[in-house]
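The values are calculated or read from the model by the stated rules, or taken from the named source; none is laboratory data. If you're wondering where the values come from, they're calculated on a predicted model, not measured in any experiment. Positions of Cβ are generated from backbone atoms using ideal geometry, with glycine treated the same way; all protein chains shown enter the neighbour counts. When the accessible area is computed, the model is the full protein with side chains, heavy atoms only, and any ligands, DNA or RNA have been set aside. Shrake-Rupley method; radii C 1.70, N 1.55, O 1.52, S 1.80 Å.
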Amino acid sequence: MDANFGVRIAGTGRAVPDKILTNEDLSHIVDTTDEWITTRSGIKRRHVITDDQKNSDFASEAGRKALEDAGIKAEDLDFIIIATVTGDFIFPSTAVVVQEMLGAKNASAWDMSAACTGWLFAISQAKALLASGAGKTALVIGSEMLTRITNWKDRSTCVLFGDGSGAVVLQACAPEDNGILSTWTRSDGSLIHLLNAPIGGTAVPLTHENLESGLNKITMAGREVFKHAVRNMGQAAIEALIKAGVSASDVDLLIPHQANIRIIDALASRLDFPPEKVYKNIQEYGNTSAASIPIALDEARSKGVAKSGDKILMVAFGGGLTWGSALIQI
Ligand code: COA
């Protein structure tokens, strides 16, 4: 096997639920205020799914829009990868559900589990597959419905999360047209306990007795996670730049995972990025986990903030712990 293709971003798309939950709405659910949530996280509102909606509804809509943007038919997809920890079912994957919804009958489809960094792990995997010649076209979706696993009695976490999906179509291309300049990923399984849903899996199944504990929902040591996030996202950003041989000053836009405005600002300051080069939409969506970067990328393109030819550095961090980065040129 001697193939070594370039890989380019051919299209992007996003889809979020219509229903919006504001900070004011949350103040009627838990003991909190708009002022606390805004100053501690930067979040003003988030989109949330309703009882009759599911992850695949939004993942497929984001995927369909990305295919339209790329001018590619679903039948031409070789791979569909969905980064998610809140899939429709325990099994099978949400990716096979979306495959059927899109009519992508020639694809293989699977889910990627790396929490908030999942979409960057998926991009890294798709790039390797396409560069090797294993296929020509991949749909890479980040799609999370975190409000389904949010503990609405825990004010320190329930104010942070939102739902949504973002997607890109990647295509193998000539090496000189390569648009995925570098990817870099890392994880540390010794820190599982800092951010997880401890029960409800096969290790500790959900029972009538343990249901009330709320431990089948997101639990988080917020301050600890915060520290790791700033440090590890800083490392990930630098690793992607080194791998690509690109200096930070040559990057047009930084799209960090939208977890907390203070994490984003600390990262930007550590990397010496001026505010106008840092994309932020956390105020509108909250933390949408694996969907946050592809939603931001599509939004930045549609607003003209990210333009053709721009170099974009994307960095994420999440449960696992996991962290990673990608430097792209669109
Ligand atoms: N409304 C009002 N008060 C709240 C609150 C809320 N929603 N949530 C927590 N508080 C209170 C706490 O009870 C605590 O009160 P106390 O001092 O009387 O005990 C106080 O606010 C400070 O809590 P603390 O947890 O120290 O706040 P913080 O400044 O660390 O901010 C987070 C909390 C969660 C916003 C912050 O730690 C964070 O963003 N961490 C990273 C989380 C993250 O991004 N995770 C996902 C990674 S992908």
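The table below lists the values:
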{"read-out": "LYS303-ARG186 pseudo-label distance in nm [points 7 Å out on the Cα-to-Cβ vector]", "value": "3.0 nm"}
{"read-out": "Percent carbon-and-sulfur accessible area, the chain, ignoring ligands, DNA and RNA, probe 1.4 Å", "value": "51 percent"}
{"read-out": "Contour excess over end-to-end distance, with Cα ends at THR202 and THR38 and 0.36 nm allotted per residue", "value": "55.3 nm"}
{"read-out": "C-alpha long axis of helix 55-70 to longest principal axis of the chain, angle in °", "value": "30 degrees"}
{"read-out": "Extension reserve of the LYS153-ASP18 stretch, reckoned as 0.36 nm per residue once the Cα distance is removed", "value": "46.2 nm"}
{"read-out": "Rounded to 10°, Cα long-axis angle of helix 261-271 versus longest principal axis of the chain", "value": "40 degrees"}
{"read-out": "Theoretical gain in end-to-end length, ALA128 to MET101 [0.36 nm per residue, Cα-Cα removed]", "value": "7.1 nm"}
{"read-out": "Which of GLY6, ALA95, ALA66, positive extreme of dipole for the stretch 6-177 (C-beta unit charges)", "value": "GLY6"}
{"read-out": "Local net charge near THR185, Cβ-Cβ under 13 Å (Lys/Arg +1, Asp/Glu -1)", "value": "+1"}
{"read-out": "Label-point separation, GLN283 to GLU212 (7 Å along Cα→Cβ), nm", "value": "4.3 nm"}
{"read-out": "Net charge dipole size for the stretch 1-159 [Lys, Arg +1 and Asp, Glu -1 on Cβ; Debye, nearest 20]", "value": "320 debye"}
{"read-out": "Surrounding net charge for ASN23, when Lys and Arg each add one and Asp and Glu each subtract one, Cβ distance under 14 Å", "value": "-1"}
{"read-out": "Relative packing of 134-146, 61-73, which averages over residues the other C-beta atoms within 10 Å, highest first", "value": "134-146, 61-73"}
{"read-out": "log10 of Debye I(q)/I(0), alpha-carbon scatterers only, for the stretch 148-289 at 0.09, 0.13 Å⁻¹", "value": "-0.38, -0.75"}
{"read-out": "Cβ-based charge dipole, the chain, positive-most Cα from GLY245, GLN329, GLN171", "value": "GLY245"}
{"read-out": "Relative contact order [Cα under 8 Å, 6+ residues apart], the chain, whole percent", "value": "25 percent"}
{"read-out": "Electrostatic dipole magnitude of the chain [Cβ: Lys, Arg +1; Asp, Glu -1; Cα centre; debye, to 20]", "value": "580 debye"}
{"read-out": "Sites HIS193 and PHE89 - FRET efficiency at Förster radius 22 Å, r taken between beta-carbons, to 0.05", "value": "0.25"}
{"read-out": "Ranked by how many other beta carbons lie within 10 Å on average, peptides 108-118, 26-36 from highest", "value": "108-118, 26-36"}
